[in-house]
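Quick notes on the structure that follows.
The values are calculated or read from the model by the stated rules, or taken from the named source; none is laboratory data. Not measured: the values here are computed from a predicted model. Cβ placement follows ideal geometry from the backbone for every residue including glycine, while neighbour counts extend to all protein chains displayed. When the accessible area is computed, the model is the full protein with side chains, heavy atoms only, and any ligands, DNA or RNA have been set aside. Shrake-Rupley method; radii C 1.70, N 1.55, O 1.52, S 1.80 Å.
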Amino acid sequence: MTGRDKDFGIRSHDRERGGRMFTTLLFAVITLFLLAAFLVGVNAYQSANSMRANADEMRLGLSLLSNSVRTNDVTDAVGVAEGPEGPALVLSEHVDAGDYETRLYLYQGNVVEEYARAGSAFTPERAREMVASESFDFTYENGLLTIYTDQGSTCIALRSVRGGA
């Protein structure tokens, strides 16, 4: 074997080793890229899922408030009273056993619903929590009752002819 053949053998061995090293490096880069893409996808999914859960919770709370009002939507059923922490939306109900009220008001960081005899004192301990909120307000204009909380607002078109707050 001449010197020239020996050099050729070494060079082909170096090329072969360099080719394997390049293939291994390329495989590692692609694997890292796929791992990074997977992690970005997981984070995006978690973020989207969290936003969806928050939106669902908001809609649920506002829907509960709307349904309470719609259940008692009769003539002159909607009124206002002073609750423990601000204004209370009072929905009156007249039954054979007497007059009752469903009261929606703010109490200790929640909008609560209390069902009681008409004219009785507010008893927030008996009230059911409906929506976590630091604020609760409402307006009535042209047959449209709008309730405002930290989660947003909901508009309820009152079907009653003269119902109003």
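Quick look at the numbers
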read-out: Selection status of D73, touching a Lys or Arg at 6+ places or on another chain (Cβ under 6 Å) and not small (G, A, S); value: yes
read-out: Unique residue being of a type outside the set (S, T, Y) and part of a strand (DSSP E or B) when the list is D137, D73; value: D137
read-out: Residues of the stretch 100-120 satisfying the condition of being closer than 10 Å to P84 by Cβ and outside any strand (DSSP E or B); value: Q108
read-out: Residues that are open to solvent by less than 70 Å² (accessible area, probe 1.4 Å), under 11 Å from L104 (Cβ atoms) and touching a Ser or Thr at 6+ places or on another chain (Cβ under 9 Å), drawn from the stretch 115-132; value: M130, V131
read-out: Hits in the stretch 97-114 - residues which are touching a residue at least 24 places away in the same chain (Cβ under 8 Å) and either aromatic (F, W, Y) or open to solvent by 40 Å² or more (accessible area, probe 1.4 Å) (or both); value: Y105, Y107
read-out: When residues of the stretch 46-96 are limited to those that are more than 25 Å from the chain's Cα centre (by Cα) and open to solvent by 70 Å² or more (accessible area, probe 1.4 Å), the one nearest to F122 (Cα to Cα); value: E82
